[in-house]
Every structure is written in structure tokens, then in C-alpha cells.
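What follows is one structure encoded as C-alpha cells, with my remarks underneath.
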Amino acid sequence: MAYFENVNNIQFEGKESKNSLAFKYYNPKEVVGGKTMEEHLRFGVSYWHTFTGDGGDPFGKGTMIRPWDRYSDMDLAKARVEASFEFYEKLNVPFFCFHDTDVAPEGSNLKETYENLDTITAMMKDYMKTSKTKLLWNTANAFTHPRFVHGAATSCNADVFAYAAAKVKKGLEIAKDLGADNYVFWGGREGYETLLNTDLQLELDNLARFYHMAVDYAKEIGYTGQFLIEPKPKEPTTHQYDFDVATAYAFLQKYNLQDHFKFNIEANHATLAGHTFEHELRMARINGMLGSVDANQGDTLLGWDTDEFPTDLYSTTLAMYEILKNGGLGKGGLNFDAKVRRGSFEPEDLFYAHVAGMDSFAIGLKVAHQLIQDRVLDSFVEERYQSFTEGIGRDIVEGKASFHTLEAYALQNDRIKNRSGRTELLKAKINQYLLESFAKVTV
Ligand code: XLS
Ligand code: NI
Ligand code: NI
């Protein structure tokens, strides 16, 4: 049976199309710099926002009207799986992502929860035999249930630590069974509310112990997907341990975990940390740690994780710039960790939203590719740091300088000359590329 009867398969129709349910810019088969758009972008649908979320917020109930509303419990879970594969096919997306609790209801004990999960993941596996859509990543939700009130792997209660470990163990088994390319760790409650009641040292050590056990178990069962940490500075905790890339990378190095993890960068989490999206992507990239992306955007007027669909072309361009410079995302992808606004409550809105996000990243890809081709930023940056390619600069870079040689140099070099950084000029160039290069490369 069809859940989205009013929607046909979404096709690429090009930028002149007036059809709201068609791609204007995302053409999966189009080749950009040697790879198809589909290969570059590796889009994923978030199960939780698209099939489980009901539009509720702290001030009001859910508003979403969904074709599976008439079902409950396991029937509801099954209906969502059926609807989800219809959705992936109509949208032509290669991936999806889920938390354990998005797909199957919790039972009255852990064993029952496992049974529910087994039923649903078996159903997914069946669909995946014929569907082209694969699992980008799965994860364990260790933040919603009241047992996680004080955290999961960083809880003060060892029973909770054990429970969370059991959930992740099961999650890794599912990842292996469904062939997930990655496994994600987002520690919603791995942080603290106040230092007054917190043993910071023990909590961090325990978090590292937890990650090590996960690495060991994946090895034991032969799961070879990429482990990803998703940094976020706050919300729901006041302070979250995986604050941003720099913090989480220092943590991984301290506990000798850096070879087993990469990062899943979410745009809205970057902005919550006081960074741009591209800053987090760059930090991960230069350290060889860029794994995957939760593609969304925040609201500059609101201070929380609004998880909006990405439509800001400036941001998608600079994000794709980092991704292309990284040589792509490897096993990662662009997962729309994004929800339709509470007022966009009709099923069709789910399609409009994804089409908007996919087209926005397709534009970003093409503009970023052109910027790189023309070396617009590269040649400027190269020239800006030119002083490090010769003379004293070269000595510094090659490790041949010391405070003695530098002092001697500075003493006889009183006339330092700096050059302009040309921020405004560069921003104008990006605007020019956004407006013109896209038109140029599409004809
Ligand atoms: C919440 C996170 C979450 C992760 C997966 O802010 O973005 O959705 O992506 O647990
Ligand atoms: Ni996310
Ligand atoms: Ni988020």
C-alpha cells in the first residue's frame, strides 16, 4: 500500500522547472569533477525527524499529520518502515539513519526491547534486499528515557553505564547485520548540569572506557564501519563533553582513541559552539578526522538546536568546499538531521523539505567545485603566506630557526610590511561565483 499517494517519484527537471516536486539542481547522474552528484553528496534521511517526530515542542503538542497515524505500538513501527522505504524510493536517496528508539518501541524490559528491535530490523533488512537505499549509520538513544537522567556512559550510576553499554552492544550488532557504513555516538546527556555534584575526572575516564569497550566489541564481531563522534556543546546538558571538534579531538588523543573515530559534523551544533559550520569541517579535515555530516542549519535568532533543513547557499557552498578539499566523505554522507517546521505539518512538506536541502547542496557542490577549479581562494591564500616559502619564513617552517636567529633577524629588520587580508573582496568573489558560476557550469 502507498503512504504518500499524492507524490510520484521525484525527478531532476532542471532549473526552468515549475514543478515543486522536482529537483531543479540535484541531478544524481551529472558528473562534477569526475564523480556523479550522487557519489559526491551521499544524502541520507533521518528516521527520527521524518518518520517518528510529531512536531511537539516544550510548549505544545505534536502537529504533524502522518499517513501512519492510525496505527500504534509495533503496528505503528512496522507501518513506519513501510512508509520509510516508499519515501526513500520516491526521493531517490541512497541512505537513511536511525536511533534504536526511533524504529521500535521500548518493551517492558531490555529483553523485550531487543525483541522489538529484532522484528523491525529484520523487516528493514528485507526491504534493503531490493531497495537501493542503505544504512549510513545507526545509533543508540541513551538520552530520552528517565533512566538517563544523570547521563549514560557518564552517569554517576554504574547500573546506567551497564544499560547504555548493552544498548550500544546491540546497536553494533544491528550495524553489522544491516551493513551500516558508520556507527554514531552522540552523547545527549554525556555532560553535566553543575560541577557542584559532578566528579568530572571519573565521568571523562568512564566515557573513554565506554568508547574503548565499543571499539573492542566491534573488533570482536568483525564490524568494520567507521565510528563517529558527533560534537555538540550543550543542549540538553549545560555542558556537553564532546563540545566541539577541538575538544573532542583532544579527548580522543588523551585516551588513545584517535585512530578509531572520526567526526560527524552537524551545522547547528557548530553554531551553538560559537563556530561556523565550515570551521568545524575544517578542524576535522586538517586532522584527518572528517567522517560525515549532519546537514542542517540553525536560526541566528534562536539559541537552540532548531535542526532546520539547509537552504542557505552560502553555507552549503563553504561546507562543500571543505568536503571537496577533503577528497569527499569516504564512508560518510550528508544526513539531513533536520525537521520540517511545526507549521509545515502535511506529509508533502517532508518531500518539499528534502528537495530543498538536496538542491541547496547540489548548488553548493557546483559552486565550490568551480571555486576550487579557478583557485579563487587557494591562490589568494598561497600568496598571503608566501613569506613562509623563502628566507627566514622557510627556516621557521623547516625547523631551522630559533629564538636566537629570529632575534638577530628582527634586530636588523625594522621595517615590517603587512599586506591587506581583503576579506570584503573575497566575500564579493564568493557572491559572484554563487550568482554566475552556477549558471555557467549548468549550460
Ligand atoms: C541531536 C543530535 C542527534 C544525533 C544522533 O542534537 O543531532 O540527532 O545526530 O543522536
Ligand atoms: Ni545530529
Ligand atoms: Ni542536533
Subject >> Selected residue (only one of Pro146, Pro236 is within 12 Å of ligand 1 (Cβ to nearest atom) and not hydrophobic (A, V, I, L, M, F, W, C)) >> reply: Pro236
Original post:
Do we have Leu200 as at pLDDT 95 or above, of a type outside the set (Val, Ile, Thr), farther than 21 Å from Asn141 by Cβ and surrounded by 15 or more Cβ atoms within 10 Å (Cβ to Cβ) here?
Top reply: no
Original post:
Which one of the conditions (1) surrounded by fewer than 13 Cβ atoms within 10 Å (Cβ to Cβ); (2) closer than 18 Å to Arg341 by Cα; (3) modelled with pLDDT of 95 or more does Pro58 fail to meet, given that it meets all the rest?
Top reply: (3)
Subject >> Failed item in (1) touching a Pro at 6+ places or on another chain (Cβ under 8 Å); (2) more than 16 Å from ligand 1 (Cβ to nearest atom); (3) within 19 Å of Phe309 (Cβ to Cβ); (4) not aromatic (Phe, Trp, Tyr), with Asp73 passing the rest >> reply: (3)
Subject >> helices (runs of 4 or more DSSP H) within segment 340-443 that include 3 or more residues out of contact with any Lys or Arg (no Cβ under 6 Å at 6 or more places or on another chain) and within 28 Å of Thr306 (Cβ to Cβ) >> reply: 347-373, 423-432
Subject >> Among the residues listed as Glu13, Glu38, the single one being free of Cβ contacts under 8 Å to residues at least 24 places away in the same chain and of a type in the set (Asp, Glu) >> reply: Glu13
Original post:
List pairs: first in segment 134-156 and under 13 Å from Asp100 (Cβ atoms) and at pLDDT 95 or above, second assigned to a loop (DSSP other than H, G, I, E, B) and of a type in the set (Phe, Trp, Tyr), Cβ under 9 Å, 6+ apart or cross-chain?
Top reply: Thr139/Trp186; Phe143/Trp186; Ala152/Phe143
Original post:
Looking at this structure, is Ser20 more than 23 Å from the chain's Cα centre (by Cα) and either surrounded by fewer than 18 Cβ atoms within 10 Å (Cβ to Cβ) or under 30 Å from Ala164 (Cβ atoms) (or both)?
Top reply: yes
Original post:
Cβ-Cβ below 6 Å, separation at least six or inter-chain, first residue in segment 80-104 and under 13 Å from His354 (Cβ atoms), second among the charged types (D, E, K, R) and part of a strand (DSSP E or B): which pairs?
Top reply: Phe95/Lys134
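What strands (runs of 3 or more DSSP E) lie completely within segment 197-306 and have 3 or more residues being within 14 Å of ligand 3 (Cβ to nearest atom)?
Numbers: elements: 226-229, 261-266, 290-294.
Answer list for segment 197-306: 261-266, 290-294.
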Subject >> Only one of Thr276, Thr224 that is within 17 Å of Asn326 (Cβ to Cβ), away from ligand 2 (no atom under 16 Å from the Cβ) and out of contact with any helix residue (DSSP H, G or I) (no Cβ under 6 Å at 6 or more places or on another chain) >> reply: Thr276
Original post:
Residue check, Thr306 against (1) surrounded by fewer than 20 Cβ atoms within 10 Å (Cβ to Cβ); (2) closer than 20 Å to Leu334 by Cβ; (3) free of Cβ contacts under 8 Å to residues at least 60 places away in the same chain; (4) away from ligand 2 (no atom under 16 Å from the Cβ), all met but one. Which one?
Top reply: (4)
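Yes or no, residue by residue, for (1) of a type in the set (A, V, I, L, M, F, W, C); (2) farther than 28 Å from Asn206 by Cα; (3) more than 16 Å from ligand 1 (Cβ to nearest atom); (4) under 18 Å from the mean Cα position of the chain (by Cα):
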| position | (1), (2), (3), (4) |
| --- | --- |
| Gln258 | no, no, yes, no |
| Leu313 | yes, yes, yes, yes |
| Met320 | yes, yes, yes, yes |
| Gly328 | no, yes, yes, yes |
| Gly332 | no, no, no, yes |
| Ser344 | no, yes, yes, no |
| Tyr352 | no, yes, yes, no |
**OP:** Go through segment 28-52 and give me each residue that's crowded, with 20+ Cβ neighbours inside 10 Å and more than 16 Å from ligand 3 (Cβ to nearest atom).
**Re:** Val32, Met37, His40, Leu41, Arg42, Phe43, Phe51
**OP:** Read through the list (1) farther than 25 Å from Asp294 by Cα; (2) crowded, with 22+ Cβ neighbours inside 10 Å, then give the number of the only condition that Thr154 fails.
**Re:** (1)
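Just give me the residues in segment 3-35 being closer than 30 Å to Ile372 by Cβ and among the aromatic types (Phe, Trp, Tyr), in sequence order.
The initial filter retains those residues of segment 3-35 that are closer than 30 Å to Ile372 by Cβ, namely 10-17, 22-35.
Those that are closer than 30 Å to Ile372 by Cβ and among the aromatic types (Phe, Trp, Tyr): Phe12, Phe23, Tyr25, Tyr26.
The values are calculated or read from the model by the stated rules, or taken from the named source; none is laboratory data. Everything numeric in this text was worked out from a predicted model, so none of it was measured. Quick reminder, even Gly has a Cβ in these numbers, built from the backbone with ideal geometry, and neighbours come from all protein chains shown.
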